[in-house]
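These notes are about the structure you will find just below.
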4 protein chains.
Amino acid sequence: MRDTIPHKGWWQLPTGPANTICDIDGVRVGHESVHAEGACTGVTAILPHAGDLYRRPVPAAAAILNGFGKSIGLVQLMELGEIETPILLTNTFSVPACATTLIKRAIGQNPKIGRRSATVNPLVLECNDGQVNDIQALSVTEITAETAIANADGEFNQGTVGAGSGMKTFGFAGGVGSASRQVKLSGDSIYSVGALVLSNFGQQADLRVFGRLFPDTPRADLDDEDMGSIIIVMATDAPMDSRQLGRLSRRSGAALGRLGSYLGHQSGDIALAFSTANVFERDSANTHATLRLCESRMNAFFKAAVEATEEAILNALWHATPMSAYDGSLLPSFRTHLTPKEDTPAMPG
Amino acid sequence: MRDTIPHKGWWQLPTGPANTICDIDGVRVGHESVHAEGACTGVTAILPHAGDLYRRPVPAAAAILNGFGKSIGLVQLMELGEIETPILLTNTFSVPACATTLIKRAIGQNPKIGRRSATVNPLVLECNDGQVNDIQALSVTEITAETAIANADGEFNQGTVGAGSGMKTFGFAGGVGSASRQVKLSGDSIYSVGALVLSNFGQQADLRVFGRLFPDTPRADLDDEDMGSIIIVMATDAPMDSRQLGRLSRRSGAALGRLGSYLGHQSGDIALAFSTANVFERDSANTHATLRLCESRMNAFFKAAVEATEEAILNALWHATPMSAYDGSLLPSFRTHLTPKEDTPAMPG
Amino acid sequence: MRDTIPHKGWWQLPTGPANTICDIDGVRVGHESVHAEGACTGVTAILPHAGDLYRRPVPAAAAILNGFGKSIGLVQLMELGEIETPILLTNTFSVPACATTLIKRAIGQNPKIGRRSATVNPLVLECNDGQVNDIQALSVTEITAETAIANADGEFNQGTVGAGSGMKTFGFAGGVGSASRQVKLSGDSIYSVGALVLSNFGQQADLRVFGRLFPDTPRADLDDEDMGSIIIVMATDAPMDSRQLGRLSRRSGAALGRLGSYLGHQSGDIALAFSTANVFERDSANTHATLRLCESRMNAFFKAAVEATEEAILNALWHATPMSAYDGSLLPSFRTHLTPKEDTPAMPG
Amino acid sequence: MRDTIPHKGWWQLPTGPANTICDIDGVRVGHESVHAEGACTGVTAILPHAGDLYRRPVPAAAAILNGFGKSIGLVQLMELGEIETPILLTNTFSVPACATTLIKRAIGQNPKIGRRSATVNPLVLECNDGQVNDIQALSVTEITAETAIANADGEFNQGTVGAGSGMKTFGFAGGVGSASRQVKLSGDSIYSVGALVLSNFGQQADLRVFGRLFPDTPRADLDDEDMGSIIIVMATDAPMDSRQLGRLSRRSGAALGRLGSYLGHQSGDIALAFSTANVFERDSANTHATLRLCESRMNAFFKAAVEATEEAILNALWHATPMSAYDGSLLPSFRTHLTPKEDTPAMPG
């Protein structure tokens, strides 16, 4: 059942059927949450297609909006323009456990890896959930990551779940969100862009929702500085090459701006984008026959990317349940505080 | 006299005394407009300090938000992290004339250039004013550029003036705008960030001003696609090195997002930032004693950069007069269309 | 008639028929030299194909090995991954004149440019020939550039000609050089890589030719520091996309290293690469059917790129005639000083 | 006792006293090797200074020469321009174990990490030692990494030791090598540049040592393609900022070229550089008084960086002992095959 943040008139493009990243055919998402004794964390897995990604990588690119982040896998992704494992999201200190899972899984499927074949490039991105989760306890294990991958499905929960369990967005609870947009080109060809975010950034005083401020909402924290981050994963079925996907992923910064973010110093803001078109068996021929989107057609996709990212973040807030922070304070629910202060800035008359 | 767009509560940081880039001590701005027979264009010059920039370059950096632009000088600026000529803004096809002026001017001041000394790196950025100006006529001459530099002063006009003469912003007239913010660090040290924009981007249907849409405003154009661009120049008196200035300049993308932009395909969106601190006579010693801002203090400057950029664009709109487009249509004034449609998107109840 | 530097055993890959960049089908090169009264300079034009490049751009990429350079056009080239004008090479201060020629020429062929169509991105790269040419005189005019383009042909001279007229390489005369290599993939498909350099870098004491030093050769200059640069243009008929061409162009740094360069501070070392495959009428369809080279096949092209670049630089030296420097000194011919000192470094044991 | 590859006349700059990276005051290196039952691997640790790197990070930068690599930590290093943990080198699949050690070690020293303080950015780089080591066995543990750090000292072994145990360079055994150069500026100020490499790249047929080929040397392997990589770590006591260190690190590509490399497709070639000058207690003041090297003085350091890197690779070969590959073949010693074929390429007469 579709349940996304209500709005009228703010966005321009139509959503896909599920209004999630799974509107891109073949993409699946799985969570595994670890909720116990100080632990409130987990792993979220995004699988670009159902096959073996090492043998059939997807075209991809990344944008480092603010590189205060501890991911693994981006250097090779940017060089080769492809993703060759599932994409795992988790907390900052669990990147190694997730990476090991991806390495072992790839070896299991391709026993020549590291010997006769090249090694494999695990792709893991992270945010710091230390406000809710006891991050120093390293509660995520290799098995947590395996399970998240095994749970991957075309339907998935949003909010405080999986890697998003302990995340905080603009002072509210909320980690995983998703949305999608459709792009119609001339001649009735329709493509989709989906976004999934692991959202853990922003301070309440800066938040703007549909252009309105939240000046009186109870503050969840009084930190002087944002210590969060956001990971944005975009998928499309349009036949973009890696350079084009890089352009797409860079648009996510505009979505953060719309919500009031200024890309804080400590916020590791990283976007990546992949296409499900033009996927081939590795090394199966000297050349591959591909389709490439005409560059000027990118314009409509840029708008779709900004809208999907903005709504995905709002959906992370929309679906979250209140969480108790590690220090005893409460991360409130956005949904129950949603009436914004009425006297939004007046226009000069 | 200070005249900037009225607002209440949208921004958080205090402005400087003039609320322009000239609030950064030593920075001056000059215009020369070319308004005649199809020509509606010009040059705007920004001088980081009053001395010889070739001998005393300023630390600087650039962010290529969307590289659909035809500037000269950015490659060396990014390698060496410095600016060694005035910064000239003009229309797309007048970059060569402006660059020649900068070369000749530098040679005039330093006759060894290109012989015993290194060559000089002219810095010219541009937007396409072809909707108002007959850009193919190449009406800007080397003298136009010289005059703009000669006109540089601590006070300057905004709107449809200098390089901004024929510019269009979200369907309205308006090119040059500026604003500033103050940043107070612990211990009462106060620094400033100023922004000056050459704004020529956006479509009216996408515009959000203080979070409100303009759905019923008369449309100036019905183009399917934005053909504009924006150049953002930031200045600060904080002692940032080139890497830090790069981080500062990258925040401008969030400001574009706040106004509704999605960084359109054809929009050459380029930001640069310079500091007036740590300026030294070139090659005068093996090492220079400098100050460097503590990295975590950057956070407050990031917010200042976003606010100053957002307001600079709105001030470009605020100060513009209506312009007749080259094809006979009219670019309306933003100021006279300022009452937004009231039924902005409602929040769910 | 083919005349290239003799060698045995240093390189591994076969050359193309002409051993120049024109071995890539459709690529043409033209020079116009300006040799008069202190002027010893010019323009060299590289045309990727015979058609209208604005309407049929070629996939391309660039590598900024050392950004101490004053080119125009690279920012957009890197964003869009394509070249849409002829590539012009000239002296540092003549970039504006050449850019204006490219702008006017594109408008002449496409009168909507800057009005209904996007503007055009002129591509001009440069080295400082101030050691031989009176660079401050700005002797290159728009007509020089037009003539170089008009002179473009499948055969062209090398050495001290066109843009290379006043160039210096490792203390010897010599500016323009070229070479090519063939790459044979499985199944007998053969592709080519060509390189053309505008070579103006290096100091004689650092030069290594086929691994041998030139310790006793008369020094042409006693400068403490290299003030030169090198522009490297690669062409291939292999179906590489922009990202792959970026990888290809970055290999040129290894060629500079082989010759003894350490990429000196003031040396603007810039490489670009284009492919003549996958060229389409701009905006003629939503998607284009393309071929893309399998990534692992890039390996052989990397070796080809290094060999072609290294030989192109040596051919610039091989073909040059001695030149009188602007200050009365002589840039000697490499060819007549070619016997290296015998006691090259001995191996131990 | 100093033992480095003999040479005469190939290099120009003086070495430091030890001719290793430890000639930069305060830098220490430690190994821990894992040699047992199919395992032939390990960890090498580089400590920029003796203090707590999280509280006193060193200025740093990185150059991705070829991003076919699986490091962790480079994204944040490039954003913030600093290193805040020891630098660990290991095999490709042991990056997670090493990263976990760095995380736990930093938490142990700074218990607020991830809670009240920001998280920590572990820095681990890698090459694939799968030709000698059973890399799929993941033999490196967190304890291996801890021990390597604990072993750090101003003297260290080179060759097939620590992370270099199972490495192969141009078909010979050899992994860890180091060298240093001194740079004398005007006024008798002397600085040093040191390099340490984890060398695992190149094919024997391509090798050039002091400009000479090795055409008849027994081949260790007949692979069509290099599957190796090289990690280059540079240190200097010159007061370079992050941007300048980036320029320094990019010069390493020229060193690879001198040895015959063409930066093969699968070779993850990554360089980083740090300075031991300008190190401050994090967040201890709004601004720090620093020294900054004059940009034009960088030129001499560029030559030093190329020479130190080239010699470091040769020293990795020089110190290595023959190793049995995992498949039963032998990686020979370079030192015992050192007489090159005499008929190196002749110069034309």
Name the most mobile residue of A:THR290, A:THR101, A:THR309, meaning the one with the largest mean-square fluctuation, in a Gaussian network model of chain A with Cα contacts below 10 Å. A:THR290
Most exposed to least, judged by fewest other Cβ atoms within 10 Å, B:MET227, C:MET167 sort to B:MET227, C:MET167
Among D:CYS98, D:HIS49, D:ILE190, whose Cα sits farthest toward the positive end of the charge dipole of segment D:21-338 (+1 at Cβ of Lys/Arg, -1 at Cβ of Asp/Glu, about the Cα centre)? D:ILE190
Where nothing but the Cβ of Lys and Arg (+1) and of Asp and Glu (-1) is charged, how large is the charge dipole of the protein assembly as shown around its Cα centre, in debye to the nearest 20? 0
J(HN,Hα) series, segment A:31-38, from Karplus relation 6.51 cos²θ - 1.76 cosθ + 1.60, nearest Hz, glycine and proline x: 10, 9, 9, 10, 10, 5, 6, x
Just C:GLU310, C:GLU37, C:GLU82 to compare: in a GNM of chain C, with alpha carbon springs under 10 Å, which one fluctuates most? C:GLU37
Averaging sequence separations of C-alpha pairs under 8 Å and six or more residues apart, then dividing by the length of segment A:80-149, give the relative contact order as a whole percent. 47
Of B:VAL306, B:THR336, B:SER324, farthest towards positive along the dipole that unit charges on Lys, Arg, Asp, Glu beta carbons give segment B:21-338: B:VAL306
Quick one: if you stick a label point 7 Å off each Cα along the C-beta vector at A:ASP52 and C:ARG116, how many nm between them? 5.4
Between segment A:140-194 and segment B:47-101, how many Å separate their Cα centres? 42
Please compute, for peptide D:245-251, the average count of beta-carbon atoms on other protein chains lying within 10 Å of each residue's beta-carbon. 4
Segment C:21-338 - charge dipole about Cα centre, Lys and Arg +1 at Cβ, Asp and Glu -1, debye rounded to 20: 900
Quick one: go through segment A:126-158 and flag any residue whose amide nitrogen is under 20 Å from the point 7 Å out along the Cα-to-Cβ line of D:ASP283. A:127-137
Within segment C:26-54, whose backbone N sits under 13 Å from a point 7 Å along Cα→Cβ of C:GLN109? C:28, C:46-54
Given a 10 angstrom Cα cut-off, can you work out which residue in B:ASP129, B:ASP283, B:ASP237 is the most mobile in a GNM of chain B? B:ASP283
³J(HN,Hα), Karplus 6.51/-1.76/1.60, whole Hz, each residue of segment A:287-296, x for Gly, Pro: 9, 10, 7, 10, 9, 10, 4, 4, 4, 5
Please arrange D:SER242, C:SER284 by how many other C-beta atoms lie within 10 Å of their C-beta, fewest to most. C:SER284, D:SER242
In what order do A:LEU125, B:LEU207 fall by count of nearby beta-carbon atoms within 10 Å, going from fewest to most? B:LEU207, A:LEU125
Over 20 Å between alpha carbons, listed pairs A:LYS184/A:LYS303; C:LYS168/D:LYS8; C:LYS8/C:LYS303; A:LYS70/D:LYS70; C:LYS184/C:LYS303: C:LYS168/D:LYS8
Helix-only [θ]222 nm of chain C, DSSP H runs n ≥ 4, -39500 (n - 2.57) each, per residue, nearest 500: -6000 deg cm²/dmol
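Using Cα pairs closer than 8 Å and at least 6 residues apart in sequence, work out the relative contact order for segment D:21-338, in percent.
Relative contact order of segment D:21-338: 25 percent.
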Taking only C-alpha pairs under 8 Å that are 6+ residues apart, what is the relative contact order of segment C:123-215 in percent? 23
Percent antiparallel among DSSP beta bridges confined to segment B:143-294, nearest 5, equals 75
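Values quoted throughout were computed directly from the atomic coordinates according to the rules given, and no laboratory measurement underlies them. Computed from a prediction, not measured in an experiment: that's the story for all the values here. When we count neighbours, we look across all protein chains shown, and the Cβ atoms used for this are built from the backbone with ideal geometry, even at glycine.
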